[in-house]
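The values are calculated or read from the model by the stated rules, or taken from the named source; none is laboratory data. The model shown is predicted, which means the values in this text are computed figures rather than measured ones. Cβ placement follows ideal geometry from the backbone for every residue including glycine, while neighbour counts extend to all protein chains displayed.
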């Protein structure tokens, strides 16, 4: 696993069709799936700071993707 930043996460979420829906203490990004399910990912406003490993994996779980999908999306 490489080290990823909060800005990297925002870029990938936007590329995967997520949209920011709220920004207070934390940002909430959401995406509605075809079956009507709603995925929500919460992240910090920390920008260029590195995401801790556990937090990163929790965000991936919330987004419904794995690390390889994240990396591929980030590179495109």
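Please verify whether residue 27 is in contact with a helix residue (DSSP H, G or I) (Cβ under 9 Å, 6 or more places away or on another chain), closer than 12 Å to residue 9 by Cα and in contact (Cβ under 8 Å) with a residue 40 or more places away in the chain, treating the condition exactly as stated.
Criteria not met by residue 27.
With respect to being in a helix (DSSP H, G or I) and either modelled with pLDDT of 95 or more or surrounded by 13 or more Cβ atoms within 10 Å (Cβ to Cβ) (or both), residue 74 fits the description. Exactly one residue out of 38, 51 is touching a strand residue (DSSP E or B) at 6+ places or on another chain (Cβ under 7 Å) and surrounded by fewer than 11 Cβ atoms within 10 Å (Cβ to Cβ): that is 38.
Would you please name the residue that is nearest to the chain's Cα centre (by Cα), looking only at residues in the range 13-35 that are surrounded by 13 or more Cβ atoms within 10 Å (Cβ to Cβ) and part of a strand (DSSP E or B)? Among those residues, the one meeting the criterion is 29.
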